Structure formats: C-alpha cells, structure tokens
Amino acid sequence: MAAGGALTFLINACLTPLLPRGVSFAETVASPIFPWRAGMAAAAAASLIFSSVGLYFRQAARAGRFGAVAFVVALLGSALVLATEWVQLFNIRDLALRGQDGRGPSPWSRPMSFKPTSGSAGTGPTTL
C-alpha cells in the first residue's frame, strides 16, 4: 500500500508538472508525456487495489463491520481510479490524436450542446 501511495506522490510531483499548460484538454492528452503519466497512475491504482485486498484478508478477523465497509469503499474507489486512468490512457488519448491529425474534429474543440441528437424528444441528454 505504501508503494502505491509513494508512486502516486511521485507521479503528481514529477510527471504532472511536465504536462503542457494553457492548452486544450485534447492537446494535453495528445502530449508525449501523458501516456507515461496515465500508465504509471494506472499501475499505482492497481497496486492500491491488490494491497487493500491483502491488508483486509490479513486483518479480517479484527476488522469487524467497520473494517469491511472501509475495505469495500477503498476497493471501489481504487477500481474507479484504475478505470478512469485506463480510459484516459487508451480511449480519450486515441480520440484526441484522431482529432489533431486531420481525420476529424476533436470532441473538445467545440462547446457542449444539450440538444437532442435526433428529432425525437426522448433521446440524448434530455432523457435524463
């Protein structure tokens, strides 16, 4: 668990400041340092997942209900961090790179619109 926390600190202290500033999100994601940062953050999240499982199984007899709830919260939080980093590393970076090399517009280059995607009123964000 300490290794995952230390890796997270090093990523945020050393790699995150190297990301470009004052540019769009698509340009930040398309930068060459971003895959290193996102990959290492995913590895740190995976380390936190495995270490929290090991810590809980080691101390399950003394943890009680509060320990079980804390374990579930820590496991779900780490899994969500891993999923976010994974999506940023593979999906969002791919979208940003496709938008920058002329194959299509970047999804972040225009303002968001909350209009329905088709003529019917039950589609798109209006359904929410």
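Would you kindly derive the ³J(HN,Hα) couplings of the range 42-51 from the backbone phi angles with the Karplus curve 6.51 cos²θ - 1.76 cosθ + 1.60 (θ = phi - 60°), listing them in order in whole Hz, with x for Gly and Pro?
5, 5, 5, 5, 5, 4, 5, 5, 5, 6
Wrap a convex hull around the Cα atoms of the range 11-90, take a quarter of its surface area, and give that in square nanometres.
Numbers: hull surface 24.0 nm².
Its Cα hull, projected and averaged over all orientations, spans 6.0 nm².
What residues have an amide H closer than 5 Å to that of residue 24, excluding those fewer than 5 places away on the same chain, when H is modeled at 1.01 Å from N in the peptide plane?
Here the answer is none, since no amide H 5 or more places off falls under 5 Å of that of residue 24.
How much FRET efficiency would the formula 1/(1 + (r/R0)^6) give for residue 3 and residue 84, where r is the Cβ-Cβ distance and R0 is 22 Å, rounded to 0.05? Can you show the working numbers first?
Numbers: r = 20 Å, r/R0 = 0.91.
With a Förster radius of 22 Å, E is 0.65.
FYI, it's all coordinate maths here, none of it is from the lab. Because the structure is a prediction, the values reported are computed rather than measured. Backbone-built Cβ (ideal geometry, glycine too); neighbour counts: all protein chains shown.
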